[in-house]
Amino acid sequence: ERRLREQRTWAREALGFVAFEAAIEAELTSTLAVRARDAATQAELITFAEEWLYERKVVLPGVATLEGHANVAFRAVETLALEVINGAIKPA
């Protein structure tokens, strides 16, 4: 197991990939918030996040992490849309 961990670390460094850290996570969160405005589904946001991280040579975090970020971004847009609709509809 130690050997496998060493080989993975070597491969990551040789390919120029970096760890998923707080600064990258913050940038991903803000990027997903913008992207969520045009996304049709949460799955689309997860795919976008994976591609976005890969392009920046960031090691992908676990699926649950990406799902969590996509969920927050998608729900924020849904909440905003609901507020706009409720503001436009006058009670009888």
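The values are calculated or read from the model by the stated rules, or taken from the named source; none is laboratory data. Values in this document were obtained by computation on a predicted structure and should not be read as measured data. For neighbour counting, all protein chains shown are included, and Cβ atoms are generated from backbone atoms with ideal geometry for every residue, glycine included. With ligands, DNA and RNA removed, areas are computed over all heavy atoms of the protein, side chains included. Shrake-Rupley method; radii C 1.70, N 1.55, O 1.52, S 1.80 Å.
The table below gives the values:
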| quantity | calculated |
| --- | --- |
| Residue match in region 3-10 (condition: without any contact (Cβ under 8 Å) to a residue 60 or more places away in the chain and either small (Gly, Ala, Ser) or touching a Ser or Thr at 6+ places or on another chain (Cβ under 7 Å) (or both)) | no |
| The one condition in (1) over 25 Å from Arg75 (Cβ atoms); (2) open to solvent by 80 Å² or more (accessible area, probe 1.4 Å); (3) of a type in the set (Ser, Thr, Tyr) that Thr9 fails to fulfil | (2) |
| Any hit, region 51-65, residues being touching a Ser or Thr at 6+ places or on another chain (Cβ under 8 Å) and under 27 Å from Val84 (Cβ atoms) | no |
| Every residue from region 34-92 that is under 16 Å from Glu21 (Cα atoms) and part of a helix (DSSP H, G or I) | Ala49, Glu50, Trp52, Leu53, Tyr54, Glu55, Val63, Ala64, Thr65, Leu66, Gly68, His69 |
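This table checks each residue for (1) touching a strand residue (DSSP E or B) at 6+ places or on another chain (Cβ under 8 Å); (2) modelled with pLDDT of 90 or more; (3) surrounded by 12 or more Cβ atoms within 10 Å (Cβ to Cβ).
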residue: Val18; (1), (2), (3): yes, yes, yes
residue: Ala36; (1), (2), (3): no, yes, yes
residue: Ala43; (1), (2), (3): no, yes, yes
residue: Thr47; (1), (2), (3): no, yes, yes
residue: Val63; (1), (2), (3): no, yes, no
residue: Val72; (1), (2), (3): no, yes, yes
residue: Ala76; (1), (2), (3): no, yes, yes
residue: Ala81; (1), (2), (3): no, no, no
